[in-house]
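Okay, structure first, notes after.
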Amino acid sequence: MDVTKFCKCTCGQNSTILELTKFALSHLPHATEPIDVDTLMPNVCMNCTKLLCGLAEPDLCDGAAVDDDYVPLCFQRDSVQDKLIVVGFLVLVGTLLVWSAVRSRVGPIVERVRNQYGYNVVAQT
């Protein structure tokens, strides 16, 4: 499974997020010049540079302080761990909802089986 990585470009108070896929990088709407996707590094995060931020969003530093410069940050979303946590939570909630819906119907069946096989509750606390 391929995890999508992103590049967050920040300059002063301004920031933007770029998807680091060949398709997204070849179709940047504000790019000053097209990015040659054949020259991209195999390690996707190595492409998250000041140069990429400057090419993709040339107006990002407009209105920022004079000494502000592009600050690139590579990150990923939707990792396998994140998906497992979400799926586990949904399974747990679904199981609890099903149990609460069928609990009142299962109770009499359990009592009938207990009585049929001679299991008697001696004391309830």
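The values are calculated or read from the model by the stated rules, or taken from the named source; none is laboratory data. Here the structure is a predicted model, which is why all the values come from computation and not from measurement. With ideal geometry, Cβ positions are generated from the backbone for all residues, glycine too; neighbour counts draw on all protein chains shown. Please note that ligands, DNA and RNA were not included when accessible areas were found on the heavy atoms of the full protein model with its side chains. Shrake-Rupley method; radii C 1.70, N 1.55, O 1.52, S 1.80 Å.
Quick notes
- Computed with a 1.4 Å probe over protein heavy atoms only, the accessible area of VAL80 comes to about 80 Å².
- Candidate aspartates and glutamates - alpha carbon under 14 Å from LYS50, same-chain residues fewer than 8 apart omitted: ASP59, ASP68, ASP69
- Phi angles of the range 25-35 translate, via the Karplus equation with coefficients 6.51, -1.76, 1.60 and θ = phi - 60°, into HN-Hα couplings of 6, 8, 10, 6, x, 9, 5, 6, 8, x, 9 Hz per residue; Gly and Pro are given as x.
- The longest part of the chain holding none of the exposed loop chymotrypsin sites (Phe, Trp or Tyr not before Pro), meaning those outside H, G, I, E and B in DSSP with at most 16 other Cβ atoms within 10 Å, is 1-116.
- The chain: most fluctuating residue of ASN14, ASN43, ASN115 per GNM, C-alpha cutoff 10 Å: ASN115
- Of the trypsin sites (Lys or Arg not before Pro) found in the range 1-101, those in coil by DSSP whose Cβ has at most 15 other Cβ atoms within 10 Å are ARG77.
- Spin-label pair THR49-VAL37: with each label point 7 Å from Cα along the Cα-Cβ axis, the two points sit 1.9 nm from one another.
- Calculated from the alpha-carbon coordinates, the chain shows an Rg and a Dmax of 28.1, 86 Å respectively.
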